[in-house]
Amino acid sequence: MKAVKAYAALGADKPLQPHELDRREPGAGDVEIKILYCGVCHSDIHTARNEWGGSKYPVVPGHEIVGTVTRVGDGVTRFKAGDTVGVGCFVDSCGHCNSCEDDQEQYCENGHTQTYNSLSQDKKTITYGGYSSHIVVTEKFVLNVSDKLPLEKVAPLLCAGITTYSPLKHWNVKKGDKLAVLGLGGLGHMAVKLASSMGAEVTVLSRSAGKAKDAEQLGAHHFELTSNKANMQRLAKSFDFIIDTVSAPHNYNDYLPLLRTNGIMILLGAPPKPSEVQAFHLIGGRRSLVGSLVGGLKETQEMLDYCAEHNITSDVEMINIDQINEAYERTLAGDVHYRFVIDMASLK
Ligand code: NAP
Ligand code: ZN
């Protein structure tokens, strides 16, 4: 066991604070990583504040991790000390169910292990995430990261990047498709960059007028304010896809009518409360309302390689770890451009 420094929430209504936790020594097949950067995902906030239920305190969030390998255990072949690597939302899964055999570990039928606030495969040990100096992860769940791109801007690809890339690939978004991104935050800005790089005609649907210029710089072709009722009516039957990244409860019935016949609304945002859906919005245009969770390991590596090749990274605002509570408040206020990333060198 090795004691490492971290930041943790000790309760749903408590700010994050300095904390110490034990990491296992790297055993057979393990990779020990010194964390350089960790992105701040809205899921970190949902979990730290127990908005989804099931938070096990202390919660050490963080699943957008880039770092350097410090030690490897017996039998590790893909990594050695000094390599630059990434860790995303999952650190283990059963490895033998239909989903795992299909490289979809995120849908492990026996229960995947998330990077934090999750049960390890021993079904006893709780996991702790990237707001910490080091992490120990089984080799299969460690990703190769290219040194070509600035590493602090790569960190958010490990969640926001793969979570948006995976549905774009799964539903075969391609040149000429009209695609809307609802909510321009961490996931939203990556959806804009990735979908436009794949040739889609991208519209940002946002409640924040101040993000119009950014949307264009990120690669969007159009920007529409969701608060403007006339806009929304004009956009009826416009889109093949809507990628919904909104973190708070909102009315899906406001957006389903913007889909064309056979259009697909893909839920990525995970508001804590359920919403009602008007059946006629689906029946009327044979529309689909679907969801997607992050992405598997193979696809995450494919996404990292795609981003390195196309020079795609996240737009980040760097913070020190002691600014994390302020960063949470700014994220909740929609004031993030477009991902906070913690410089872990600030964890003393
Ligand atoms: P984020 O950076 O906070 O972005 C969310 C955006 O949604 C905001 O920037 C804002 O955009 C819009 N928004 C927020 N509150 C709103 C409200 N009350 N009404 C209307 N719009 C609102 O969050 P994120 O990190 O991208 O995460 C977004 C959601 O995805 C979270 O629920 C997170 O837990 C979830 N998530 C899901 C997966 C998955 O696998 N499916 C993976 C990661 C995260 P505008 O200002 O442009 O309106
Ligand atoms: Zn995330």
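The values are calculated or read from the model by the stated rules, or taken from the named source; none is laboratory data. Please read these numbers as outputs of a predicted model, since none were measured by experiment. Because the Cβ atoms are built from the backbone with ideal geometry, glycine has one as well, and the counts that use them run over all protein chains shown. These area figures cover heavy atoms from the full protein model, side chains too; ligands, DNA and RNA do not enter into them. Shrake-Rupley method; radii C 1.70, N 1.55, O 1.52, S 1.80 Å.
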ask   = Within a Cβ distance under 14 Å of residue 42, other residues only, what is the Lys/Arg minus Asp/Glu net charge?
value = -3
ask   = So which chymotrypsin sites (Phe, Trp or Tyr not before Pro) in region 89-163 are both in a DSSP loop and have at most 15 other Cβ atoms within 10 Å of their Cβ?
value = none
task = With the full set of protein chains in place, find how many percent of the accessible area of the chain is carbon and sulfur; take the probe as 1.4 Å.
result = 49
key: Residues in region 3-19 reached by a label modelled at residue 332 [backbone nitrogen below 19 Å; 7 Å Cα→Cβ]   = 8-18
Rounded accessible area per residue of the chain, 1.4 Å, Å² = 43
request  = Return the subset of 174/229; 2/34; 148/211; 175/229; 193/273 for which the Cα-Cα distance in this structure is over 19 Å, preserving the input order.
outcome  = 174/229; 148/211; 175/229; 193/273
message = Please compute the contact order of the chain in relative form: average sequence separation of alpha-carbon pairs under 8 Å and at least six residues apart, divided by the residue count, as a percent.
response = 18
remark   = Residue separation between residue 309 and residue 237 times 0.36 nm, minus their alpha-carbon distance, gives in nm 22.5 nm
key: For the chain, built as a Gaussian network whose Cα springs stay under 10 Å, the top-fluctuating residue of 200, 270, 81   = 81
Relative pair counts by distance (%), Cα atoms of region 170-253, 5 Å bins = 3, 15, 29, 27, 19, 7, 0
ask   = trypsin sites (Lys or Arg not before Pro) within region 119-149: which are DSSP loop residues with at most 11 other Cβ atoms inside 10 Å?
value = 123, 124, 148
Axial C-alpha extent at least 30 Å, average Kyte-Doolittle at least -1.0 - helices from the chain (DSSP) = none
remark   = Cα-based Rg then Dmax for region 1-145, in Å, read 14.6, 43
message = Let me test this: with uniform point scatterers at the alpha carbons of the chain, what is the Debye-based log₁₀ I(q)/I(0) at q = 0.06, 0.08, 0.11, 0.12 1/Å?
response = -0.21, -0.37, -0.70, -0.83
query = What FRET efficiency comes out for the pair residue 56/residue 169, r = Cβ-Cβ distance, R0 = 35 Å, nearest 0.05?
reply = 0.60
query = What are the trypsin sites (Lys or Arg not before Pro) within region 8-108 that DSSP puts in a loop, where the Cβ has at most 11 other Cβ atoms within 10 Å?
reply = 80
